[in-house]
Amino acid sequence: MDASRVALLREVLAGTEWVQASRRFAGALRAGVTRHGGGLLLVGSATYEPWHLAAHLDDEAAWSGLPELSPTLVRHHVRAGVPAHLSVGLGRLAAAGRGTTLLVVTPEQPGAGLLERVHDARRNGATVLALDGGDRELHALAHDALAAPPTAPGTAGPAGPGTGIDIGMGMGMDIGPGIGPGSMPGPDHDTLQHLVSTAAGEHGGPASLPGQPPGRPAPGRRRFRDRLARLADELTAPPPPRW
């Protein structure tokens, strides 16, 4: 999803909490990685791997001048012969401690095994964030969380036939019924990831984590207008074959 589509998505969601909520959550993510400097770990459930978000955050890290946003994708199953950046298994979570930011991303239930590893990481001092479907146990472990609205079973999209607002321009990204003010539309889980990843790379000082004082912009950070110009240039060329 390019910058124009994200702008359109934000316009569609104007008047709801989703734009502000995604920026707030992205700010907490940016604050964790820039303040603590211990690296960003990204993990999903056993059946949902957030490699797409990993690729977007990797791009945002390059375009925004914030290398700390580039994540390490932690995988439940690692096949032999894959590149090094795709060969990090769940054992990496055991080493997650003070300074590490752990982002759990899944629209499904995370599972007891992953919850136990996340609990251990938090106990060891890691900052835990969750971008999910609203799992209560995961939210209880997270320092900050953002949940997509539930998808009704048996529908063609988040809102069902004829009720979604298609802003994906052929990419299948619909805006379905949300849980924002006045039952205004809300994004599905994949679309919410685009909002968060884009907001994470935007210009501005990192937001504060709960109980922490506001931060200040990092030296040399590009203005948002400069970032958009760089993004337009990058979109004219194929992305690097990293993911």
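The values are calculated or read from the model by the stated rules, or taken from the named source; none is laboratory data. The structure presented is a predicted model; accordingly, all values stated were derived computationally and were not measured. Every residue, glycine as well, gets a Cβ built from its backbone with ideal geometry; the counts of neighbours run over all protein chains shown. What goes into the accessible areas is simple: the full protein's heavy atoms, side chains included, and nothing from ligands, DNA or RNA. Shrake-Rupley method; radii C 1.70, N 1.55, O 1.52, S 1.80 Å.
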Worksheet item: Of the numbered conditions (1) surrounded by fewer than 22 Cβ atoms within 10 Å (Cβ to Cβ); (2) at pLDDT below 85, T191 satisfies every one except a single condition; which is it?
Response: (1)
Item to complete: Say whether the condition of being of a type in the set (D, E) and not in a helix (DSSP H, G or I) is met by at least one residue in the stretch 44-60.
Response: yes
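Per-residue answers, yes or no, for (1) free of Cβ contacts under 8 Å to residues at least 12 places away in the same chain; (2) small (G, A, S); (3) closer than 15 Å to V105 by Cβ:
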| site | (1), (2), (3) |
| --- | --- |
| A46 | no, yes, yes |
| E49 | no, no, yes |
| A54 | no, yes, yes |
| E60 | no, no, yes |
| L66 | no, no, no |
| S70 | no, yes, no |
| L73 | no, no, yes |
| A84 | yes, yes, no |
| G91 | yes, yes, no |
Practice prompt. From (1) small (G, A, S); (2) over 18 Å from the mean Cα position of the chain (by Cα); (3) at pLDDT 95 or above; (4) open to solvent by less than 60 Å² (accessible area, probe 1.4 Å), pick out the condition that doesn't hold for S87.
Written response: (3)
Worksheet item: How about the stretch 101-117: which of its residues are surrounded by fewer than 23 Cβ atoms within 10 Å (Cβ to Cβ), over 16 Å from G91 (Cβ atoms) and touching a residue at least 60 places away in the same chain (Cβ under 8 Å)?
Response: P107, E108, Q109, G111
Practice prompt. Filter the stretch 121-136 down to the residues that are among the charged types (D, E, K, R) and surrounded by 15 or more Cβ atoms within 10 Å (Cβ to Cβ), then identify the one that is farthest from V33 (Cα to Cα).
Written response: D135
Discussion item. So in the stretch 11-36, with the set limited to residues that are closer than 11 Å to T127 by Cα and in contact with a strand residue (DSSP E or B) (Cβ under 8 Å, 6 or more places away or on another chain), which one is modelled with the lowest pLDDT?
Written reply: H36
